[in-house]
1. Can you give me the distance in nm between label points at Glu132 and Glu305, each placed 7 Å from the Cα along the Cα-to-Cβ direction?
2. How many percent of all Cα-Cα pairs in the stretch 182-237 sit more than 18 Å apart?
3. Leaving out ligands and nucleic acids, note down the accessible area per residue over the chain with a 1.4 angstrom probe, in whole Å².
4. How tilted is helix 148-160 with respect to the longest principal axis of the chain? Cα atoms for both, answer in degrees (0 to 90, nearest 10).
5. Mind giving me the nanometre distance, one decimal, between the label points for Arg370 and Ala101, set 7 Å out from Cα along Cα→Cβ?
6. Which number do you get for Rg(Cα) / (2.2 N^0.38 Å) in the stretch 41-102?
7. Label Ala11 and Lys76 with points 7 Å out from Cα along Cα→Cβ: what is the distance between them in nm?
8. When all protein chains stay in place, what accessible area (Å², nearest 10, 1.4 Å probe) is found for Ile118?
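The values are calculated or read from the model by the stated rules, or taken from the named source; none is laboratory data. Model, not experiment: these values are computed from the prediction. Here the Cβ is made from the backbone with ideal geometry for all residues, glycine too, and neighbour counts use every protein chain on show. Ligands, DNA and RNA are excluded from the accessible area calculation, which covers all protein heavy atoms including side chains. Shrake-Rupley method; radii C 1.70, N 1.55, O 1.52, S 1.80 Å.
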Amino acid sequence: MATAGVPVAGAEERRLREDVARFCRVTWDRGLVSAAGGNISARVGASDTFLITPSGVALRDTEPEDLVTIDLAGHKVAGPERYVPSKESLMHTAVYAARPAARAVAHLHPPHAIAFGIRGEPIPLVTVTSEERLHLTPVVPPASSGSRALAEGVARALEAAPADTQVLLLARHGVLAWGASVQQACDIADLAEYTAKIAIAHAALPGRRRVLDISVPNVPGMHVYPGDLTMGSHTGTHVDAPYHFLADGPRLGDVPLDRMVGEALVADLRGRPVLDAAALADIDLRPGDILLCRTDNSWRWEAPEFQRDFVYLTEDAARLLVARGVGAVGMDYLSIERFGSADFPVHRILLGAGVFVIEGLDLRAAAPGRYTLVCLPLNFPDLDGAPARAILLA
(Lines give C-alpha, C1' and ligand atoms only; values in the text may rest on other atoms or scores of the structure.)
Protein backbone atom coordinates (compact mmCIF):
# COMPACT_ATOMS: atom_id res chain seq x y z
CA MET A 1 0.00 0.00 0.00
CA ALA A 2 1.41 3.39 -0.96
CA THR A 3 1.46 6.32 1.43
CA ALA A 4 -0.07 9.72 0.67
CA GLY A 5 1.99 11.62 -1.86
CA VAL A 6 4.04 8.59 -2.97
CA PRO A 7 3.24 7.14 -6.43
CA VAL A 8 2.58 3.45 -6.90
CA ALA A 9 5.24 1.81 -9.04
CA GLY A 10 5.26 -1.22 -11.29
CA ALA A 11 2.43 -3.30 -12.67
CA GLU A 12 -0.42 -1.44 -10.97
CA GLU A 13 0.62 1.91 -12.40
CA ARG A 14 1.20 0.32 -15.81
CA ARG A 15 -2.36 -1.03 -15.83
CA LEU A 16 -3.66 2.41 -14.84
CA ARG A 17 -1.72 4.05 -17.68
CA GLU A 18 -3.15 1.54 -20.15
CA ASP A 19 -6.65 2.14 -18.79
CA VAL A 20 -6.38 5.92 -19.24
CA ALA A 21 -4.96 5.55 -22.77
CA ARG A 22 -7.69 3.07 -23.73
CA PHE A 23 -10.48 5.40 -22.64
CA CYS A 24 -8.81 8.31 -24.37
CA ARG A 25 -9.42 6.42 -27.61
CA VAL A 26 -12.91 5.30 -26.52
CA THR A 27 -14.02 8.89 -25.88
CA TRP A 28 -12.58 9.93 -29.25
CA ASP A 29 -14.43 7.12 -31.01
CA ARG A 30 -17.66 8.05 -29.18
CA GLY A 31 -17.43 11.63 -30.49
CA LEU A 32 -17.00 13.11 -27.02
CA VAL A 33 -13.89 15.06 -28.08
CA SER A 34 -12.29 16.39 -31.25
CA ALA A 35 -8.88 17.65 -32.35
CA ALA A 36 -6.60 18.04 -29.30
CA GLY A 37 -9.48 18.80 -26.94
CA GLY A 38 -10.33 17.06 -23.70
CA ASN A 39 -8.23 15.55 -20.94
CA ILE A 40 -8.44 12.57 -18.59
CA SER A 41 -6.74 11.95 -15.25
CA ALA A 42 -6.59 9.17 -12.67
CA ARG A 43 -5.40 8.89 -9.09
CA VAL A 44 -2.25 6.79 -8.63
CA GLY A 45 -2.96 4.20 -5.95
CA ALA A 46 -3.78 5.71 -2.57
CA SER A 47 -1.54 8.71 -3.18
CA ASP A 48 -2.23 12.36 -3.86
CA THR A 49 -0.53 12.11 -7.24
CA PHE A 50 -2.36 11.73 -10.52
CA LEU A 51 -1.72 10.66 -14.10
CA ILE A 52 -3.04 13.17 -16.62
CA THR A 53 -2.97 13.46 -20.38
CA PRO A 54 -0.37 15.89 -21.75
CA SER A 55 -1.12 19.23 -23.34
CA GLY A 56 -1.35 19.36 -27.13
CA VAL A 57 -1.78 15.60 -27.72
CA ALA A 58 -5.13 14.44 -29.12
CA LEU A 59 -6.81 11.79 -27.00
CA ARG A 60 -6.95 9.70 -30.17
CA ASP A 61 -3.13 9.53 -30.17
CA THR A 62 -2.39 9.30 -26.44
CA GLU A 63 -0.21 6.35 -25.41
CA PRO A 64 0.38 5.04 -21.86
CA GLU A 65 3.93 6.39 -21.76
CA ASP A 66 2.74 9.90 -22.75
CA LEU A 67 0.93 10.49 -19.44
CA VAL A 68 2.33 13.05 -17.01
CA THR A 69 2.22 12.74 -13.21
CA ILE A 70 1.05 15.75 -11.19
CA ASP A 71 0.48 16.49 -7.52
CA LEU A 72 -2.63 17.96 -5.86
CA ALA A 73 -1.36 21.48 -6.62
CA GLY A 74 -1.23 20.63 -10.34
CA HIS A 75 2.59 20.61 -10.52
CA LYS A 76 4.40 18.13 -12.76
CA VAL A 77 6.35 15.59 -10.70
CA ALA A 78 7.16 13.00 -13.39
CA GLY A 79 6.69 12.24 -17.06
CA PRO A 80 8.32 12.69 -20.46
CA GLU A 81 10.47 15.80 -20.62
CA ARG A 82 8.86 16.88 -23.89
CA TYR A 83 5.38 17.02 -22.37
CA VAL A 84 3.67 19.34 -19.90
CA PRO A 85 0.45 18.44 -18.06
CA SER A 86 -2.89 19.40 -19.56
CA LYS A 87 -3.54 23.07 -18.99
CA GLU A 88 -6.76 22.01 -17.24
CA SER A 89 -4.83 20.28 -14.43
CA LEU A 90 -6.13 22.71 -11.80
CA MET A 91 -9.71 21.85 -12.74
CA HIS A 92 -8.98 18.15 -12.22
CA THR A 93 -7.27 18.67 -8.87
CA ALA A 94 -10.21 20.82 -7.73
CA VAL A 95 -12.42 17.75 -8.17
CA TYR A 96 -10.01 15.46 -6.33
CA ALA A 97 -9.76 17.95 -3.46
CA ALA A 98 -13.54 18.30 -3.15
CA ARG A 99 -14.39 14.64 -3.80
CA PRO A 100 -11.64 12.54 -2.14
CA ALA A 101 -13.31 9.30 -3.20
CA ALA A 102 -12.91 10.18 -6.89
CA ARG A 103 -10.42 7.93 -8.68
CA ALA A 104 -10.65 9.50 -12.13
CA VAL A 105 -11.79 12.71 -13.82
CA ALA A 106 -12.73 13.25 -17.48
CA HIS A 107 -13.03 16.67 -19.09
CA LEU A 108 -14.63 16.14 -22.50
CA HIS A 109 -16.42 18.19 -25.18
CA PRO A 110 -19.68 16.38 -26.04
CA PRO A 111 -21.61 18.71 -28.36
CA HIS A 112 -25.20 18.20 -27.16
CA ALA A 113 -24.26 18.57 -23.51
CA ILE A 114 -22.28 21.71 -24.40
CA ALA A 115 -25.46 23.16 -25.91
CA PHE A 116 -27.11 23.12 -22.49
CA GLY A 117 -23.98 24.61 -20.92
CA ILE A 118 -24.11 27.46 -23.43
CA ARG A 119 -27.70 28.14 -22.37
CA GLY A 120 -26.68 27.96 -18.73
CA GLU A 121 -29.20 25.19 -18.07
CA PRO A 122 -28.77 21.75 -16.47
CA ILE A 123 -29.48 18.79 -18.75
CA PRO A 124 -33.15 17.76 -18.38
CA LEU A 125 -33.32 14.32 -16.78
CA VAL A 126 -35.70 12.92 -19.38
CA THR A 127 -35.03 9.20 -18.87
CA VAL A 128 -35.21 6.85 -15.90
CA THR A 129 -31.49 6.10 -16.26
CA SER A 130 -30.53 9.77 -16.18
CA GLU A 131 -32.63 10.32 -13.04
CA GLU A 132 -30.99 7.35 -11.33
CA ARG A 133 -27.38 7.98 -12.40
CA LEU A 134 -26.88 11.58 -13.49
CA HIS A 135 -28.81 13.47 -10.84
CA LEU A 136 -28.19 17.22 -11.07
CA THR A 137 -25.82 18.63 -13.72
CA PRO A 138 -24.91 22.09 -12.34
CA VAL A 139 -23.48 24.73 -14.68
CA VAL A 140 -20.12 26.35 -13.88
CA PRO A 141 -20.03 30.02 -15.00
CA PRO A 142 -17.74 30.84 -17.93
CA ALA A 143 -14.04 31.46 -17.34
CA SER A 144 -10.92 31.25 -19.49
CA SER A 145 -9.76 27.75 -20.38
CA GLY A 146 -7.02 26.58 -18.04
CA SER A 147 -7.41 29.52 -15.69
CA ARG A 148 -7.39 29.48 -11.92
CA ALA A 149 -10.75 31.28 -12.09
CA LEU A 150 -12.23 28.27 -13.89
CA ALA A 151 -10.83 25.88 -11.28
CA GLU A 152 -12.25 28.08 -8.51
CA GLY A 153 -15.63 28.08 -10.26
CA VAL A 154 -15.51 24.28 -10.32
CA ALA A 155 -14.65 24.20 -6.61
CA ARG A 156 -17.58 26.50 -5.76
CA ALA A 157 -19.98 24.42 -7.86
CA LEU A 158 -18.84 21.24 -6.12
CA GLU A 159 -19.26 22.83 -2.71
CA ALA A 160 -22.87 23.77 -3.52
CA ALA A 161 -23.78 20.58 -5.41
CA PRO A 162 -25.49 17.57 -3.80
CA ALA A 163 -23.13 14.76 -2.78
CA ASP A 164 -24.43 12.45 -5.54
CA THR A 165 -23.50 14.89 -8.32
CA GLN A 166 -21.03 13.30 -10.77
CA VAL A 167 -20.91 15.73 -13.67
CA LEU A 168 -20.67 19.50 -14.14
CA LEU A 169 -21.46 21.48 -17.27
CA LEU A 170 -18.80 24.08 -18.05
CA ALA A 171 -20.47 27.06 -19.76
CA ARG A 172 -19.31 27.06 -23.42
CA HIS A 173 -16.59 24.55 -22.59
CA GLY A 174 -17.71 20.96 -22.14
CA VAL A 175 -18.34 18.64 -19.22
CA LEU A 176 -16.38 17.54 -16.18
CA ALA A 177 -17.21 14.04 -14.90
CA TRP A 178 -15.67 11.88 -12.20
CA GLY A 179 -16.06 8.44 -10.69
CA ALA A 180 -14.52 5.45 -8.96
CA SER A 181 -12.62 4.44 -12.11
CA VAL A 182 -11.59 5.83 -15.48
CA GLN A 183 -14.39 3.87 -17.11
CA GLN A 184 -17.01 5.22 -14.70
CA ALA A 185 -15.93 8.83 -15.21
CA CYS A 186 -16.08 8.42 -19.00
CA ASP A 187 -19.38 6.53 -18.84
CA ILE A 188 -20.95 9.36 -16.82
CA ALA A 189 -19.79 11.90 -19.43
CA ASP A 190 -21.16 9.63 -22.18
CA LEU A 191 -24.51 9.33 -20.37
CA ALA A 192 -24.70 13.12 -20.00
CA GLU A 193 -24.21 13.49 -23.76
CA TYR A 194 -26.73 10.73 -24.54
CA THR A 195 -29.31 12.32 -22.23
CA ALA A 196 -28.73 15.77 -23.73
CA LYS A 197 -29.21 14.31 -27.21
CA ILE A 198 -32.53 12.71 -26.19
CA ALA A 199 -33.70 15.94 -24.54
CA ILE A 200 -32.96 17.95 -27.69
CA ALA A 201 -34.67 15.35 -29.89
CA HIS A 202 -37.72 15.32 -27.62
CA ALA A 203 -37.98 19.12 -27.72
CA ALA A 204 -37.90 18.98 -31.54
CA LEU A 205 -40.85 16.57 -31.81
CA PRO A 206 -44.06 17.99 -33.29
CA GLY A 207 -46.08 19.54 -30.50
CA ARG A 208 -48.74 17.39 -28.92
CA ARG A 209 -48.48 19.24 -25.66
CA ARG A 210 -51.37 20.21 -23.45
CA VAL A 211 -51.63 23.99 -23.14
CA LEU A 212 -52.86 25.27 -19.79
CA ASP A 213 -53.80 28.95 -19.50
CA ILE A 214 -52.83 30.25 -16.06
CA SER A 215 -53.72 33.90 -16.72
CA VAL A 216 -56.70 35.63 -15.13
CA PRO A 217 -59.27 37.12 -17.52
CA ASN A 218 -59.17 40.91 -17.89
CA VAL A 219 -62.88 41.65 -17.56
CA PRO A 220 -65.14 44.21 -15.87
CA GLY A 221 -65.36 43.53 -12.15
CA MET A 222 -62.04 41.66 -12.01
CA HIS A 223 -59.86 41.91 -8.91
CA VAL A 224 -57.50 44.91 -8.96
CA TYR A 225 -54.99 46.01 -6.40
CA PRO A 226 -56.43 48.92 -4.35
CA GLY A 227 -55.62 52.21 -6.06
CA ASP A 228 -55.61 50.82 -9.61
CA LEU A 229 -58.55 52.57 -11.26
CA THR A 230 -57.80 51.74 -14.86
CA MET A 231 -55.72 49.12 -16.61
CA GLY A 232 -52.10 49.63 -15.63
CA SER A 233 -48.75 47.89 -15.78
CA HIS A 234 -49.72 45.63 -12.86
CA THR A 235 -53.28 44.70 -13.82
CA GLY A 236 -54.24 41.03 -13.70
CA THR A 237 -51.52 38.55 -14.60
CA HIS A 238 -48.37 40.64 -14.97
CA VAL A 239 -44.58 40.70 -14.84
CA ASP A 240 -42.55 43.00 -12.60
CA ALA A 241 -39.29 44.36 -14.03
CA PRO A 242 -36.56 45.42 -11.54
CA TYR A 243 -37.35 49.09 -12.31
CA HIS A 244 -40.63 48.56 -10.43
CA PHE A 245 -38.73 49.05 -7.14
CA LEU A 246 -35.13 49.79 -8.15
CA ALA A 247 -34.60 53.28 -9.56
CA ASP A 248 -31.59 52.19 -11.60
CA GLY A 249 -32.88 48.69 -12.35
CA PRO A 250 -33.63 47.31 -15.83
CA ARG A 251 -36.93 48.34 -17.38
CA LEU A 252 -39.21 45.86 -19.11
CA GLY A 253 -37.50 46.38 -22.46
CA ASP A 254 -34.15 45.47 -20.90
CA VAL A 255 -35.38 42.07 -19.74
CA PRO A 256 -34.80 39.29 -22.31
CA LEU A 257 -37.99 37.41 -23.08
CA ASP A 258 -36.25 34.09 -22.48
CA ARG A 259 -36.21 34.92 -18.75
CA MET A 260 -39.97 34.32 -18.85
CA VAL A 261 -39.78 31.13 -20.91
CA GLY A 262 -38.37 27.94 -19.47
CA GLU A 263 -38.72 25.04 -17.09
CA ALA A 264 -41.18 25.80 -14.33
CA LEU A 265 -42.01 23.93 -11.16
CA VAL A 266 -45.55 24.25 -9.81
CA ALA A 267 -45.18 23.66 -6.06
CA ASP A 268 -48.19 22.67 -3.97
CA LEU A 269 -48.08 25.08 -1.02
CA ARG A 270 -51.76 25.05 -0.12
CA GLY A 271 -52.81 25.25 3.50
CA ARG A 272 -50.15 27.80 4.47
CA PRO A 273 -51.07 31.38 5.42
CA VAL A 274 -47.54 32.56 4.62
CA LEU A 275 -44.59 31.21 2.61
CA ASP A 276 -41.43 31.41 4.68
CA ALA A 277 -38.05 29.74 4.11
CA ALA A 278 -39.14 26.63 6.02
CA ALA A 279 -42.12 26.19 3.69
CA LEU A 280 -39.83 26.24 0.63
CA ALA A 281 -36.83 24.34 2.03
CA ASP A 282 -37.82 20.88 0.76
CA ILE A 283 -38.93 21.92 -2.73
CA ASP A 284 -36.86 20.16 -5.42
CA LEU A 285 -35.56 23.32 -7.08
CA ARG A 286 -32.89 23.31 -9.78
CA PRO A 287 -30.75 26.30 -10.71
CA GLY A 288 -32.62 28.38 -13.29
CA ASP A 289 -36.05 27.03 -12.36
CA ILE A 290 -39.12 29.27 -12.47
CA LEU A 291 -40.98 28.57 -9.23
CA LEU A 292 -44.77 28.92 -9.40
CA CYS A 293 -46.39 28.93 -5.96
CA ARG A 294 -49.79 27.22 -5.91
CA THR A 295 -51.36 28.40 -2.68
CA ASP A 296 -54.85 28.98 -1.31
CA ASN A 297 -54.68 32.27 -3.20
CA SER A 298 -55.83 30.59 -6.41
CA TRP A 299 -59.30 30.15 -4.92
CA ARG A 300 -59.43 33.79 -3.84
CA TRP A 301 -60.16 34.67 -7.47
CA GLU A 302 -63.66 33.27 -6.89
CA ALA A 303 -64.44 35.98 -4.31
CA PRO A 304 -66.46 39.00 -5.50
CA GLU A 305 -63.75 41.55 -4.67
CA PHE A 306 -60.06 42.00 -3.82
CA GLN A 307 -58.86 39.90 -0.87
CA ARG A 308 -56.39 41.52 1.53
CA ASP A 309 -55.44 38.36 3.45
CA PHE A 310 -53.64 36.67 0.56
CA VAL A 311 -50.68 34.31 1.04
CA TYR A 312 -47.31 36.03 0.53
CA LEU A 313 -43.56 35.41 0.59
CA THR A 314 -41.41 36.40 3.55
CA GLU A 315 -37.96 37.97 3.37
CA ASP A 316 -36.18 34.78 4.42
CA ALA A 317 -38.06 32.89 1.69
CA ALA A 318 -36.89 35.44 -0.88
CA ARG A 319 -33.29 35.09 0.27
CA LEU A 320 -33.55 31.28 0.08
CA LEU A 321 -34.81 31.47 -3.53
CA VAL A 322 -31.94 33.77 -4.48
CA ALA A 323 -29.46 31.35 -2.89
CA ARG A 324 -31.05 28.40 -4.75
CA GLY A 325 -30.55 30.19 -8.08
CA VAL A 326 -34.13 30.40 -9.32
CA GLY A 327 -34.71 32.50 -12.41
CA ALA A 328 -38.18 33.80 -11.57
CA VAL A 329 -40.96 33.40 -9.01
CA GLY A 330 -44.68 33.38 -9.71
CA MET A 331 -47.48 33.92 -7.20
CA ASP A 332 -51.17 33.12 -7.62
CA TYR A 333 -52.47 36.50 -6.51
CA LEU A 334 -51.78 40.16 -7.24
CA SER A 335 -48.63 40.48 -5.14
CA ILE A 336 -45.92 38.29 -3.65
CA GLU A 337 -45.58 40.85 -0.84
CA ARG A 338 -47.61 41.11 2.36
CA PHE A 339 -50.56 43.46 1.90
CA GLY A 340 -49.82 46.87 3.36
CA SER A 341 -46.02 46.47 3.29
CA ALA A 342 -44.37 49.86 3.58
CA ASP A 343 -40.98 49.18 1.96
CA PHE A 344 -41.55 45.98 -0.10
CA PRO A 345 -38.42 44.07 0.99
CA VAL A 346 -39.35 40.84 -0.82
CA HIS A 347 -39.57 42.60 -4.18
CA ARG A 348 -36.29 44.37 -3.51
CA ILE A 349 -34.47 41.15 -2.56
CA LEU A 350 -35.71 39.22 -5.59
CA LEU A 351 -35.53 41.94 -8.23
CA GLY A 352 -32.21 43.19 -6.89
CA ALA A 353 -30.74 39.71 -7.41
CA GLY A 354 -32.12 39.42 -10.94
CA VAL A 355 -34.96 37.07 -9.94
CA PHE A 356 -37.99 38.24 -11.89
CA VAL A 357 -41.48 38.33 -10.44
CA ILE A 358 -44.73 37.10 -12.01
CA GLU A 359 -47.93 37.98 -10.17
CA GLY A 360 -51.63 37.39 -10.67
CA LEU A 361 -51.47 33.76 -11.79
CA ASP A 362 -54.43 31.38 -11.58
CA LEU A 363 -53.04 27.93 -10.73
CA ARG A 364 -56.29 26.21 -9.81
CA ALA A 365 -56.05 23.82 -12.76
CA ALA A 366 -52.26 23.31 -12.56
CA ALA A 367 -51.33 20.05 -10.88
CA PRO A 368 -48.02 20.16 -9.02
CA GLY A 369 -45.08 19.18 -11.21
CA ARG A 370 -42.76 20.36 -13.95
CA TYR A 371 -43.89 22.25 -17.04
CA THR A 372 -42.58 24.66 -19.64
CA LEU A 373 -43.76 28.18 -18.83
CA VAL A 374 -44.35 30.79 -21.51
CA CYS A 375 -45.16 34.18 -19.96
CA LEU A 376 -44.99 37.08 -22.43
CA PRO A 377 -45.53 40.61 -21.08
CA LEU A 378 -46.95 43.27 -23.39
CA ASN A 379 -44.25 45.24 -25.17
CA PHE A 380 -43.97 48.42 -23.08
CA PRO A 381 -40.16 48.75 -23.01
CA ASP A 382 -39.95 51.80 -20.74
CA LEU A 383 -42.34 50.58 -18.04
CA ASP A 384 -41.70 48.81 -14.76
CA GLY A 385 -43.90 45.88 -15.77
CA ALA A 386 -46.81 44.88 -17.96
CA PRO A 387 -49.80 42.55 -18.14
CA ALA A 388 -48.91 39.16 -19.59
CA ARG A 389 -50.47 36.03 -21.02
CA ALA A 390 -49.04 33.04 -19.16
CA ILE A 391 -49.41 29.42 -20.25
CA LEU A 392 -47.98 26.09 -19.12
CA LEU A 393 -47.02 23.43 -21.65
CA ALA A 394 -47.41 19.92 -20.24
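1. Taking the simple label geometry, Glu132 and Glu305 are separated by 5.9 nm.
2. Result: 64 percent of Cα pairs exceed 18 Å.
3. 45 Å²
4. 60 degrees
5. The answer from the label model is 2.4 nm.
6. Ratio of Cα Rg to 2.2 N^0.38 Å: 1.04.
7. In this crude spin-label approximation the distance works out to 3.1 nm.
8. Estimated to the nearest 10 Å², Ile118 gives 110 Å².
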